[in-house]
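> Could you have a look at this structure, given as C-alpha cells, before my questions?
The values are calculated or read from the model by the stated rules, or taken from the named source; none is laboratory data. What you see is a predicted model; the values in this text were computed from it and never measured. Every residue, glycine as well, gets a Cβ built from its backbone with ideal geometry; the counts of neighbours run over all protein chains shown. Each accessible area value is taken on the protein alone, full model and side chains, heavy atoms only, with ligands, DNA and RNA left out. Shrake-Rupley method; radii C 1.70, N 1.55, O 1.52, S 1.80 Å.
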Amino acid sequence: MRADGIPDLPVSHATLDSDGRLLTADPALMALNDNAGGAPGAMLAIPQLATVARLARRLGILVSRGVTVADLDTDLDLWVRVQPEGDGLRMAVSGWREVRPRFVATAPAAPLVEDGDLMWETDGALRLTFVAIDPARRLGIDAFSLLGQPLTALFALDAAGDGALPILAAVAQRKALREQRATLRPDGAPMLLTAQVRQDASGEFAGLSGIARAANVPTLTEPSAPAISAAFTGGLDKALRGPLARIIAHADTIHAEAEGPVQQDYVAYASDIANAGRHLLGLVDDLVDLQAVECEDFALVPEAVDLADVARRAAGLLAVRAGNAGVAIARPLPDLRVDASGDFRRALQIMVNLIGNAVRYSPEGGVVTVTATRLGDRAEAIVADQGKGIAPEDQARIFEKFERVDPSEAGGNGLGLYIARRLARAMGGDLTVESMPGDGARFTLTLPV
C-alpha cells in the first residue's frame, strides 16, 4: 500500500532482444501480447509497447511513458518503462486500469473523383508523397520529380477575399479542406483544391489527401473554412507554443546528453527534432504577424529611430548563427547614426529577417554586409550577401505569401519577406531587392526621415 492509501499497481516484466522480439514475459503481459496476435520469439505485437521499445533502443536510454492499448473488448491504461540492457531490452508494465473505449468519429466521405481531377497526398510537413501519374502527365507534370517537395512546388495557393488561406485553417483545426483556390505551377491554370485531413495512430496531423479540379466555372460550395486569423485569435497560437517549447527543450536535453551518454547518431537526430520544433515555432510567430498585418485597421505609430543602431542590433542577434555557419557579418560602425521615422521593434524584426536570410543562403566563408545611410528624405538599411542570387523573374514573387526562390531547399516558410514588406510599407517605407544569378542579393529597407 502506498503512503497516500492507493494500492500498489501490479507490474509485469518482459525481456526483448535487440530486434524487438519478445523473449520472456509475465503471464498478464504474455496474454496481452497473445490477444494482439503475437507469440514468444516473434516481434512484440502491441504497437504502443513496441514503439516505446524502439525509442529506448534507438536512444540508448531509459524511456518511460503512459499508453492506452486495446485488449479484446476493453481498453487498458498502462505505464511502460523500457531500459536497454546488454544486447536487449527490459520492459516493466504497470497500471493495468480498464477504461471505457473512446468513440472515434468516422471521417467525412471523400469528394467524388471525376475525369481530369489530379489526386495528391502530403505528409505532416505538407511535402508531396503522392501525385497521380496519368492526370499529371496530361497536365504536363512529372509526378515523380515532385515527390518529397512542398505542396507549393505543384500549386501556388491563392488567398480568399479576406486575405486568408483556407488550407491553413484546415491544418490548424484538423478539418477537411473545402475550397482552396490555387494555380498550377507549370502553366498557371486555375485549380480548386479539396482534401481530407489524415491522422496517425496517436491522432496527430499526418498530412492531406486531396484532389485538384480545374476551376473554370463558378462553384456552388459553402463559404470557405474559417480564416486562420480567427483560429489564432481564439488562442491557437498559445495552445501550440507550450507543446512546441517542451518538444524543443526535451530534444535539446537529449542533444546535450544532459542525462547521460546517448548514441551519437541519435544526438544528431535530437538536434533535427529541436530544429524542426524551432521552425514550427517560427511559423506560429509568422502566422500571428500575418494576422496582424492583414487586418484592415493595422497601423504603426511612428517614432524616432536610429536605423544604423537597429542594423547593428540585428547583426548582433545573429552573430552566433552566422559563426556556426562560417559566415561573417560586417555591420555599421559604432558611431554611425541614421535618423529615421518608424517602429523600432518592427524595424528590428525586418532587419533580423533580412540578415537571417542572408546568412542562410551565404556560402561558408562568405560575408554578409549590413550598411545604413541617408539619401535625401529617406533612410536606408542595406543587407547584401554573396549567395547564388535571385533571377529577375523571381524577384517579385518572393514577396508574396508562401513563396520562396527554390521551394525544394531547406529554409523558411515563405512568409518572412511578405510580412517584412507589409511592415515596411505600414511605416511609410518599402522593402526592395536587387540581384542577379550568381552575384548575391541586396535587400534595401527604406524609411522616411
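> Do you know which of the residues in region 239-266 that are touching a Leu at 6+ places or on another chain (Cβ under 8 Å) and outside any helix (DSSP H, G or I) is modelled with the highest pLDDT? Steps first, answer last, please.
First, pick out the residues of region 239-266 that are touching a Leu at 6+ places or on another chain (Cβ under 8 Å): 240-241, 244-245, 248, 254, 262-263, 266.
When the remaining residues are screened for being outside any helix (DSSP H, G or I), the result is 262-263.
Numbers: Val262: 67, Gln263: 72.
Ranking the qualifying residues of region 239-266, first place goes to Gln263.
> Out of everything in region 197-222 that is at pLDDT 80 or above and within 20 Å of Ala136 (Cβ to Cβ), what residue ends up being surrounded by the fewest Cβ atoms within 10 Å (Cβ to Cβ)?
Ala214
> If you scan region 418-449, which residues turn out to be over 14 Å from Ala347 (Cα atoms) and either open to solvent by 40 Å² or more (accessible area, probe 1.4 Å) or in a loop (DSSP other than H, G, I, E, B) (or both)?
Thr432, Glu434, Met436, Pro437, Gly438, Asp439, Gly440, Arg442
> Take the conditions open to solvent by 20 Å² or more (accessible area, probe 1.4 Å), under 20 Å from Glu400 (Cβ atoms) and at pLDDT 75 or above and apply them to Asp187. Does it pass?
On the way: open to solvent by 20 Å² or more (accessible area, probe 1.4 Å): yes; under 20 Å from Glu400 (Cβ atoms): yes; at pLDDT 75 or above: no.
It is false that Asp187 is open to solvent by 20 Å² or more (accessible area, probe 1.4 Å), under 20 Å from Glu400 (Cβ atoms) and at pLDDT 75 or above.
> Another one. Can you work out which of the residues in region 26-66 that are within 28 Å of the chain's Cα centre (by Cα) and of a type in the set (D, E, K, R) is nearest to Ala270 (Cα to Cα)?
Among those that are within 28 Å of the chain's Cα centre (by Cα) and of a type in the set (D, E, K, R), it is Arg58.
> Any residue in region 90-97 that is open to solvent by 80 Å² or more (accessible area, probe 1.4 Å), under 30 Å from His13 (Cβ atoms), part of a strand (DSSP E or B) and modelled with pLDDT under 80? Please lay out each step first, then the result.
The initial filter retains those residues of region 90-97 that are open to solvent by 80 Å² or more (accessible area, probe 1.4 Å), namely 90, 97.
Now narrow it down to the ones that are under 30 Å from His13 (Cβ atoms): 90, 97.
Keeping just the survivors that are part of a strand (DSSP E or B) gives 90, 97.
In the following step, the residues that additionally are modelled with pLDDT under 80 were identified as 97.
Yes; the residues of region 90-97 include at least one that is open to solvent by 80 Å² or more (accessible area, probe 1.4 Å), under 30 Å from His13 (Cβ atoms), part of a strand (DSSP E or B) and modelled with pLDDT under 80.
> Only one of Arg127, Arg137 is open to solvent by 30 Å² or more (accessible area, probe 1.4 Å) and farther than 17 Å from Leu177 by Cα. Can you tell me which? Please lay out each step first, then the result.
Numbers: Arg127 fails: farther than 17 Å from Leu177 by Cα.
Result of the check over Arg127, Arg137: Arg137.
Results for (1) surrounded by fewer than 16 Cβ atoms within 10 Å (Cβ to Cβ); (2) modelled with pLDDT of 80 or more; (3) among the hydroxyl-bearing types (Ser, Thr, Tyr), shown as yes or no for each residue.
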| site | (1), (2), (3) |
| --- | --- |
| Pro7 | yes, no, no |
| Leu23 | yes, yes, no |
| Pro27 | yes, yes, no |
| Ala36 | no, no, no |
| Ala42 | yes, yes, no |
| Ala45 | no, yes, no |
| Val69 | no, no, no |
| Thr74 | yes, no, yes |
| Trp79 | no, yes, no |
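> Keeping to region 321-339, report how many residues are touching a Gly at 6+ places or on another chain (Cβ under 8 Å) and open to solvent by less than 40 Å² (accessible area, probe 1.4 Å).
2
> Could you identify the single residue in Ile141, Ile167 that is part of a loop (DSSP other than H, G, I, E, B) and either aromatic (Phe, Trp, Tyr) or closer than 21 Å to Ala214 by Cα (or both)? Spell out how you get there, then give the answer.
Numbers: Ile167 fails: part of a loop (DSSP other than H, G, I, E, B).
Only one candidate qualifies: Ile141.
> Here's another thing I want to ask about it. Would you check if Arg58 is open to solvent by 60 Å² or more (accessible area, probe 1.4 Å) and in contact (Cβ under 8 Å) with a residue 40 or more places away in the chain? Outline the logic, then answer.
Numbers: open to solvent by 60 Å² or more (accessible area, probe 1.4 Å): yes; in contact (Cβ under 8 Å) with a residue 40 or more places away in the chain: yes.
Here the answer is yes, as Arg58 does meet what is asked.
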